[in-house]
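What follows is one structure encoded as structure tokens, with my remarks underneath.
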Amino acid sequence: MTAVKTAIIVGSTRPSRLGRGVAEWVLGLTTDRPGASYDLVDLAEVGLPLLDEPLPSLLGQYANPHTIEWARTVAPYDGFVFVTPEYNHSTSPALLNALDYIYAEWNNKAAAFVSYGSSEGVRAVEHLRSVATEVQLAHVREQIKLSLYTDFVGYVTLAPAEEKVQSAPLLFDQLESWARALRGVREELAGQ
Ligand SMILES: Cc1cc2nc3c(=O)[nH]c(=O)nc-3n(C[C@H](O)[C@H](O)[C@H](O)COP(=O)(O)O)c2cc1C
């Protein structure tokens, strides 16, 4: 069986962000996952402008080269780990923008969330779960929640508590099994 293809998406883009380091830590936890491959996709490198498509993404008629390129980046993946900060009780505008840009490329795939913030990013993920539902991403229950107070030294250097590290395998198990199962759903729909 081919390994499920998974992207760890860095959801923050500002200078001095913590998000890139959190995503690299998540990537480091995936080295012994033989059933899946994990890549880092950094929205700061993708560099999407604020949504400038003339038509809603649901229609699948992407006009701009950066949208077509983003759709090509996302399309091959079976699953996603969204690494999100909490900004004003929600996710980052960059991540929401990246989700809004395209539609079919998210459909019938699996998602998991790793969040961080003063309140572990829990409200960011509650918002993201609504968005994920709308773009037909199946989001797993397990979540890694990192506190700026207890999982970072001096609010800057990532030093996760042991239980956070230990929750990772279950998150990957849930994500990979749904990502694998949803391949079948996409194949069935493509054959109709
Ligand atoms: C604009 C802004 C709003 C924030 N709002 C919240 C918030 O509502 N709740 C929270 O727990 N942390 C909040 N924070 C703290 C961030 O979660 C923390 O700074 C985190 O490092 C941001 O992620 P980043 O460094 O990857 O950009 C906020 C930070 C910023 C920049």
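Every read-out reported here was derived from the displayed coordinates using simple, explicitly stated rules and does not represent laboratory data. As the structure is a computational prediction, the values presented were derived from the model and not from experiment. Because the Cβ atoms are built from the backbone with ideal geometry, glycine has one as well, and the counts that use them run over all protein chains shown.
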Where a label projected 7 Å from the Cα of E24 along Cα→Cβ would reach, residues of segment 141-172 with amide N under 11 Å: 158
MRE, 222 nm, helices only [DSSP H, n ≥ 4, -39500 (n - 2.57), over the chain, to nearest 500]: -12500 deg cm²/dmol
Built amide H within the under 5 Å cut-off of A36, gap 5+: V4
Cα gyration tensor category, rounded, prolate or oblate, for the chain with a/c compared to 1.5: oblate
Cα-based shape type of segment 115-187, given that a ≥ b ≥ c are square roots of the gyration tensor eigenvalues and the cut on a/c is 1.5: oblate
Chain lengthening between R141 and L170 when straightened (0.36 nm per residue, less Cα-Cα): 9.5 nm
Peptide ranges 124-133, 17-26 listed from the most packed, as the mean C-beta count within 10 angstrom indicates: 17-26, 124-133
20 Å cut-off, amide nitrogen to a point 7 angstrom out along A75 Cα→Cβ, residues in segment 105-138: 105-110, 135-137
Helix 19-28 vs. the chain, principal-axis angle (Cα, 0 to 90°, nearest 10): 90 degrees
Net lengthening on full extension, V156/S37 (0.36 nm per residue, minus Cα-Cα): 40.0 nm
